[in-house]
Each structure stands twice: as structure tokens, then as C-alpha cells.
Amino acid sequence: MSPDHLTALENESIHILREAYSKFDSLAMLWSIGKDSTVLLWLARRAFFGHVPFPLVHIDTTYKIASMIEYRDRVVREWNLQLVVGKNEAVLASGVTFPNGLATRVECCSTLKKDALQQLVDQKKYSGLIVGVRRDEEPTRAKERYFSPRSQTMEWDATDQPPEFWNQFKTDFAPGTHIRIHPLLHWTELNVWEYIEREAIPVSPLYFDDGTGHRYRSLGCAPCTTPVASTARNVSEIVTELRTTRTAERAGRAQDQESENAFEKLRRDGYM
Amino acid sequence: MPPAAGAAADHLRLVVVGHVDHGKSTLIGRLLYDTGSLFDGKYEQLVAIAARRGVPFEFANVTDALQAERDQNVTIDTSQIWFRTPRRQYVLIDAPGHKEFVKNMVTGAASADAALVLIDAHEGVQEQSRRHGYLLKLLGVDQIAIVVNKMDLVGYSAEVFERVSGEYAAFLAGLGVTARVALPICARDGDNVAGRSSQMPWYTGMTVLEALDGFTPPAPDADKPLRLPVQDVYRFDHRRILAGRVESGTVRVGDTLLFLPSGKQATVKTIERWNAPPQFSASVGDSIGITLGTQLFVERGEIASSLQSAPTQTTEFTAHVFWLGRKPLTTGRRYKFKLATQEFEGEIVRVAQVMDAASLEQVDGRELTMLAVDQVGEVTVRTRQPIVVDLHERVPNLGRFVVVDDLEMCGGGTIVDTGAHATLFAATSANITRSVGQVTREQRNIRNGHKGAVVWFTGLPGSGKSTLATALEQEIFNRGWQPTVLDGDNMRFGLSADLGFSAKDRAENIRRVAEVARLFAELGAIVITAFISPYRNDRLLAREILGREGLDVPFVEAYLSTPLDVCEARDPKRLYAKARRGEIQDFTGVSSPFEPPERAEIELDTSQFDLEESVGRVLEYLLPRVKM
């Protein structure tokens, strides 16, 4: 792919980030520590000339792979970021989680991620959340909008979305509406890695083969995320691998596979 | 979205449109399957899901991802999926064909570079086939292939193919669009999709895949006039950076920019990009920041251009509008508009028909009062403040807008006329010199949408001055203009509270009224006064005050010549009765004289006309004198 194409994708994302910043007073950006939201973070620094003028929210399930947190804290220090960590303390205290055998994977995602996010949004009164989802990740995300309204309880009405055209987005809302902004929607997994390579963006080492012949293609909670077979040891080897892969990106994410519409249901309820 | 996302030459965004059930999602699924673009296990997974649900496998399920879509076998929302041919990378956009989901079709199609219109060979050209064709034209998608699907249902008949594709090609031609190619396929079985069909030996043209590769990616034209809408102004690190995306043309360091509507000018000092090598120019699609050689106060919504080819400033424009709102677009109503980074209110002053709602054929402009959902019309909009636009054919990104109603984006339009009062900034410096230190009357008039004036009612107590003034105010206000009434209530209790009703005090009161009227008129308001003002000399003084220092504001003396007996019979405030009983001194018409004007601009006997007719007669005189 030509570098021009990456610049075109970048221009579009910067335009959307600036539009969001201009239109919403109380914004936050979700940072999952993964490659996509890290690229999003980089794009924000490009949009705002080295600054990130809103807090970064990390929803910590406490089941994340340990080195993700180390990486997170290092980037926050080096880039001088404002980090807000959200946890569903009540459910964690009660122990009703999938790793404890007391909840299904989907229920666990729902409480530890979705509900934790809702609690934080309510507490901090964020009106807009910037999220790094992409259309090519999975088919319900393919139907998303750049500016995607949610109900007060974060529900997504996938069957009645606002129109979006000519670079104009729905930015007028009744008080109390919550909005998700998706500046990476038009990027593919391959674009993300090509951009990481071009810009030399630091990413978690979990994405690379550590000598076992496996690497993580998508980062999540340790119990529900498995590495894929791959010998890619650096970004450029990942780019080469993705040009010919026939394996879906989220194949290593077990919660998507619990039932036919498991992921759609999670997303309608407010999951990322 | 074009032009940015599709700017690179090896990328093309393609939308698949057409009537519901004509096979759009099926074609996409089949195309992905035949080109080996599905991930491992995806096909098997969908086959297994279909088996579990006891329904036949559908290729459409590749993109129909929502449970509701699979349950009803209908595409509800637009979807995008990536795939590549040896020639280039594609984004395939699936657009719903059901009439309920036109807003989703528009969302999908607006970002496309080219389109496949699918038509069921058996059903032929249907309502949404035509509507989608029309919308493609309005959205600016002009590379179109006609794909006649389900050829198996018509026995692979060459004659049916020719008839259906010919009918649709003729419809497109009526819109001024030439179809690139027409091809017969059976998407479900893969006939003429990726490979040639053995069922239709008579067809020797392209397959779908070959047709895709025959489309041309958009070529951004860096030589068009510069348009850089200000998206935001940042003050990070003590520097003032104007952020925005170049919507047309090229901007270079050292260029002199003209900002409209403010009319300010400055040179480009730097082009800013974080963590990147220095950059000396930026072109269409680039999201950049600039710093200026001089500090200017400009805000979001200003449009930067070169001095030589600036956009048009206007308070009125005409556009082709498609309407998606559940509530119709209605003349006389005000809406919010978004055009590039400008947001403004505008009133719909005229709607004309351009497409027949039933046949979807083009028709000549019959006047309408509204546009219902999914209709298209030619709409004239009047704005309160001047806005900055281009004709769509000149600079597309500054020539199109969306309409917001009740917080929702309800329509879009492309500008075909910028109105009679448009100011086209030419290259001469005289036109772009801004007046320093003082806002001119002309600038105020442009913002108000009308000129200032004073309507001076004079007449006996009870002749109808206040009633007429109030009705006139309402009528003018309803046009979106700025009227105000000065009467005894707001003068006598405030500014003139120290005055009585002697001839001297009356004269002083009228002088004060005239001075206040002058101030309002200078602001551009239409001032309506309702005072008896019985003395000729006092009214003459008022006229002089308004005309002082060459202030060119029409002074309309409106004499209500209603006879005394009628006024006394009306006696709305029971004042005649009191005056007759001697309880009020100096009462005009009873104990104090009224001097009728010798030459009033308007003379009206309100006992001869009803209120509406009276207001109409005043407006008839006034309107031509205050219109822009």
C-alpha cells in the first residue's frame, strides 16, 4: 500500500478527532493498551500538536496480561498523559467472574468492562468517548458510525443510526446523550501495522513472537485471549504476515465465539 | 470519505445499490468467496449457522451481520468490507435497498467513488432502483455499472437483459449520467461475477470483477481554488494555531490568505505538523495547522482562500436537496445548516419540484410547500448572517451542506445558485479592504437581511396607531427581520418620564423619540413609532433628525386619517370621555389641535379597511424600500 494511502487515513482521523474536541466539552479517550488505541493516541498527539487535551481511560479488569500494565505505565510517564483507571470494584470483590468459574465469558466482559466503563462515565460525567474500533474487525463494527449516539445507559441502537455523509456528523444532542467517537473506523488491521511501522510507534512486546512460535494478534484478558501461531518478531514481519493471512483478527478472542450473536449483543449493551 | 480516504491511486471505494431483494448483499458475499477474500472458517461458520437455524445458506450473511438482518433476510444498515484484486484494493460498501433505510443507503453511497446498481432481471427496474440512481447523481457518484441479476429466473434471456438494462440506461441518461457498462449475472451461482458464465454464451462483455477494475479512482485536483475552513483555533504552547482541513486547492507558506466572512487577511507563516519534517505546502485532504504572520482573531467557521479566487458571500442560495427527515422540510420554517465548518440558521423561502414522486422522472419546477421523506427538490434558503459558499460545480466541498432538524441530520443539498445579493470577492484590492474600527451599515444590513427604516404613525387618539404598529411589527418579525415599536408605554414611563403634555413638552418628547429611532435605525432595525405627534413642525423635526449627517434611512410618515367621530366612538382607553368631562387638559382632538400632514408617504383611514388590509397597505409601501 502506498504511503499516500496511510496519510489519507490519518488526515481523516485527525479531522474527526478535532471535530470531536470542538463539539464536546467533556471528552475522554479509551485506551485498551492495544495497537489500535495506541495508534489512536498517536493520532491525537498529531491532531493536537503533541498534546492530548483529554484524559485517557483504561478499564482494568485486573485479568490483563501483566506486561500490558507495565507498558501502559511507561507510556503514560514518557508521554506525560492524564490516565484514569476504571474498575468494577463491587464485582471484583464479589468474585463473580469467568476466571473464578462463576460467570460466562460474555457475562464477565459485560460486568468487568462494560459496567466498569458505565460507572466511570457516570462518575466523571463524560459526554463523549473516543474509541479505537475499526470496521474490518468484525461485522457489527462494520456498521458503525464515526459519531455514534448511545442511550443514557450506553445502549447502541444498531437498527436506527443517524446518517453520516460529506464529512458531516451528528453533533447535536439532547442533554444526557452519550456519544462514541470512532476515528479509526476506516482503518484495517494491516493499515494499523503499516502506520505503526511508518511512525515507529512503540507497541506492547506481546504482539511479537518471543521465541515460542506464537504471538498475540489482539490483546485482552489473559484467560480469554490466546496467542496465534506466528514467527513475526517485529513490526515489519507482522506487516508481511498480514498481507497473506487467512485468519480473522479476533480468532484468539474467546468471548466472541460463545454464541452466534454474542458479540453483537455485547456491543448493543455498550461494549466497545 | 472522498477525496481524502480514496486519494491514493490503488484504492477504490465501491457501493452496491439497488431495490430491496435484488441481490446486493448476495453479490458482495459471492465476490468475496470467489476471490478467496473470506477468512478461514468464515464460510463454514455461516453454513453451520444457517443449518442450525434450519434455513438455506445465504451469501448475504457475510455482510448482514445484525441479528435483525439475518432474521428478516434484509439489509438494514450499510456495511463495509475490504477486498483486493490483483489490480487494486477495494472497500465494498453494502447499501440497504429497502425504502425505510434510505438514510443508511446515503451514508454508504456518499463516500463511494463508483457504484454498481443491481436490478433483478425478473422484477425489472423498481422504485428504489430509480431513487438510488437519482441519489448517486446528487451525491456526486457518477461512475456507474448496471448489473442485471438473477438471470436464471428469466432463462438467461439476452432479450430480457437488453430490455432491463436499456430501460435503466435511459433513466440515467435523463439525469445526465452515462452508465459505464451493463452486465448480466447470477450472483448466487457466481455467473459473470468473478468468472465467465457458461449459461450465457451470448454475452462476451466484462465480468463484475473486470468492471470493478475498469473504474477510475478519484484524482484530487490541487489546482482548484484554495479553501481552508477553520475547524478550530488552538493555543497550545503559547502559539496560536489555526487547525483545519484543506477542502480544495493548495496552501503554501508565504501565501496571503483572505478569511471570510470577516474579510481579514494575513500571510501563512508556518504549516504545522507534529513530529514530522517541516512542510511548506498542503493540498486537498490534508488536515493541517497553520500559524499566521500577524495575530488575527478568527474563529471556527471562517473560510480561508486566496485573494484572487475567493468564495462567494451571500445570504441566499438555491440548492438541490434530498430530504431524509420523518418530518417534512417546510417553507417558512427555519433550520440549522452545516456547510464545511460553518453552522448557520436559514429559512426555507421556496421549494420547487424536480422529480416526480411516483415515476421518479425529472419534471419542471412546480412550486411546493414541502419536501416529504425521500423526496428531492430545488430549495431556496435565506440566512440571517452572511455565509461563505461556492457553487457545487466549482468547488464541491464548499458547495454542499447538510440540514439539521430537531438535532438530527435530515437532508443534504448541493448549491446550484448563490442568489442575487451574493458578493463575489474579486481580485481588486478595493473589494477586500475592510473598514477599520467601524462596522458599516452595509455590513449590518447584510447580517439582518434587510435595511433599516422608520415608520412614523401619526393620527388622533383612537385612530389605530398602536394596533397597526403591533400588527406590523409581528408581520415583519415573522419574516425573520428586526422590527421594534416605540410607543407611549416605553417612552413616557422611562426616557420621557419627566415630560408633561404641553406643546413644549410634546415637542421635546418627539425629539427624544426621533433620536432613539435614529439609533435603532442605524443598527438596521425597522422602527415603528406610535405617537399622536399632532404638530407638523415636530414631525418635520423628527424627519430632519433621521436624515441628519446623510443617514440614508427611509422615513415613512403614515397618517391615519380616521375621522374624529370614529375615533371618539372607539375611545379604547376611555380618554375622550374624560376629556369631554374636562378631566384631561390638552387632549388632542378635543382641547388641543391636530395638524394633518401635507405630504405623508402613506395616508390611511382605518375606518375604511380592516386590520389586515391596513397592514398590507403599509407593507406594500415599505417592503421595496427595505429589501436588500
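Here are the numbers:
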read-out: Flag for residue B:244 being in contact (Cβ under 8 Å) with a residue 60 or more places away in the chain and in a loop (DSSP other than H, G, I, E, B); value: no
read-out: Filtered residues of the range B:113-138 (kept if within 12 Å of chain A (Cβ to nearest Cβ) and open to solvent by 10 Å² or more (accessible area, probe 1.4 Å)); value: B:138
read-out: Sole exception among (1) more than 18 Å from residue B:213 (Cα to Cα); (2) open to solvent by less than 10 Å² (accessible area, probe 1.4 Å); (3) not in a loop (DSSP other than H, G, I, E, B) for residue B:90, by number; value: (1)
read-out: Among (1) open to solvent by 40 Å² or more (accessible area, probe 1.4 Å); (2) modelled with pLDDT under 90, the one test that residue B:563 misses; value: (2)
read-out: Set B:70, B:163: member being at pLDDT 90 or above, part of a helix (DSSP H, G or I) and basic (Lys, Arg); value: B:163
read-out: Enumeration of residues in the range B:505-530 that are buried (at least 23 other Cβ atoms within 10 Å of the Cβ) and not aliphatic (A, V, I, L, M); value: B:524, B:529
read-out: Single match in A:184, A:206, A:219 (criterion: in contact (Cβ under 8 Å) with a residue 24 or more places away in the chain and either within 13 Å of another protein chain (Cβ to nearest Cβ) or surrounded by fewer than 15 Cβ atoms within 10 Å (Cβ to Cβ) (or both)); value: A:184
read-out: Members of the range A:144-161 found to be crowded, with 20+ Cβ neighbours inside 10 Å and within 8 Å of chain B (Cβ to nearest Cβ), listed by number; value: A:145, A:158, A:161
read-out: Any hit, the range B:387-402, residues being modelled with pLDDT of 90 or more and in contact with a helix residue (DSSP H, G or I) (Cβ under 7 Å, 6 or more places away or on another chain); value: yes
read-out: Answer residue from the range B:228-256, given it is within 11 Å of chain A (Cβ to nearest Cβ) and of a type in the set (Asp, Glu) and is most open to solvent (accessible area, probe 1.4 Å) among those; value: B:237
read-out: Counted residues, the range A:222-232 - those being open to solvent by 50 Å² or more (accessible area, probe 1.4 Å) and in a loop (DSSP other than H, G, I, E, B); value: 3
read-out: So residue B:332, is it over 29 Å from residue B:221 (Cα atoms), open to solvent by less than 20 Å² (accessible area, probe 1.4 Å) and free of Cβ contacts under 8 Å to residues at least 60 places away in the same chain; value: no
read-out: Unmet requirement for residue B:77, which otherwise passes all of (1) touching a residue at least 40 places away in the same chain (Cβ under 8 Å); (2) within 28 Å of the chain's Cα centre (by Cα); (3) facing chain A (nearest Cβ under 10 Å); value: (1)
read-out: Of all residues making up the range A:55-89, the number that are part of a loop (DSSP other than H, G, I, E, B), more than 17 Å from residue A:44 (Cα to Cα) and not charged (D, E, K, R); value: 5
read-out: Filtered residues of the range B:31-60 (kept if open to solvent by 40 Å² or more (accessible area, probe 1.4 Å) and either outside the structural domain of residue B:95 (by TED's automatic domain parsing) or at pLDDT 85 or above (or both)); value: B:33, B:34, B:35
read-out: Residue among B:222, B:158, B:173, B:187 that alone is within 36 Å of the chain's Cα centre (by Cα) and touching a residue at least 40 places away in the same chain (Cβ under 8 Å); value: B:222
read-out: Residue tally, condition out of contact with any Asp or Glu (no Cβ under 8 Å at 6 or more places or on another chain) and either at negative phi or not in a loop (DSSP other than H, G, I, E, B) (or both), over the range A:97-115; value: 12
read-out: Residue satisfying all of: in the range A:162-181; crowded, with 22+ Cβ neighbours inside 10 Å and aliphatic (A, V, I, L, M); farthest from the chain's Cα centre (by Cα) among these; value: A:179
read-out: Residues of the range B:1-15 satisfying the condition of being under 32 Å from the mean Cα position of the chain (by Cα), at pLDDT 55 or above and within 14 Å of another protein chain (Cβ to nearest Cβ); value: B:11, B:12, B:13, B:15
read-out: Cross-chain or 6+ apart pairs with Cβ under 6 Å, the range B:272-284 first and under 22 Å from residue B:397 (Cβ atoms), then surrounded by 11 or more Cβ atoms within 10 Å (Cβ to Cβ) and among the polar types (S, T, N, Q); value: B:273/B:279; B:281/B:250; B:283/B:250; B:284/B:248
read-out: Residue that is least open to solvent (accessible area, probe 1.4 Å) [pool: residues in the range B:594-628 that are over 13 Å from residue B:560 (Cβ atoms) and more than 30 Å from the chain's Cα centre (by Cα)]; value: B:616
read-out: Selection within the range B:262-309 - away from chain A (no Cβ under 14 Å), touching an Asp or Glu at 6+ places or on another chain (Cβ under 7 Å) and open to solvent by 40 Å² or more (accessible area, probe 1.4 Å); value: B:267
read-out: Counted residues, the range A:187-203 - those being within 11 Å of chain B (Cβ to nearest Cβ) and either in a loop (DSSP other than H, G, I, E, B) or touching a strand residue (DSSP E or B) at 6+ places or on another chain (Cβ under 8 Å) (or both); value: 4
read-out: Residue list for the range B:570-586, filter: touching a residue at least 60 places away in the same chain (Cβ under 8 Å) and not aromatic (Phe, Trp, Tyr); value: B:570, B:571, B:572, B:573, B:575, B:585, B:586
read-out: Residue match in the range B:98-110 (condition: open to solvent by less than 10 Å² (accessible area, probe 1.4 Å) and more than 10 Å from chain A (Cβ to nearest Cβ)); value: no
read-out: Unique residue being free of Cβ contacts under 8 Å to residues at least 60 places away in the same chain, more than 23 Å from residue B:462 (Cα to Cα) and in the same structural domain as residue B:614 (by TED's automatic domain parsing) when the list is B:478, B:509, B:490, B:537; value: B:478
read-out: Test: residue in the range A:47-54 that is away from every other protein chain (no Cβ under 12 Å) and either part of a helix (DSSP H, G or I) or surrounded by 15 or more Cβ atoms within 10 Å (Cβ to Cβ) (or both); value: yes
read-out: Test: residue in the range A:24-34 that is away from every other protein chain (no Cβ under 14 Å), touching a residue at least 12 places away in the same chain (Cβ under 8 Å) and open to solvent by 40 Å² or more (accessible area, probe 1.4 Å); value: yes
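The values are calculated or read from the model by the stated rules, or taken from the named source; none is laboratory data. Predicted model only: the values in this text are computed from it and were never measured. A quick note on method: Cβ atoms are made from the backbone with ideal geometry, for glycine too, and the neighbour counts reach across all protein chains shown. The protein model used for the area step is the full one, side chains on, heavy atoms only, and it has no ligands, DNA or RNA in it. Shrake-Rupley method; radii C 1.70, N 1.55, O 1.52, S 1.80 Å.
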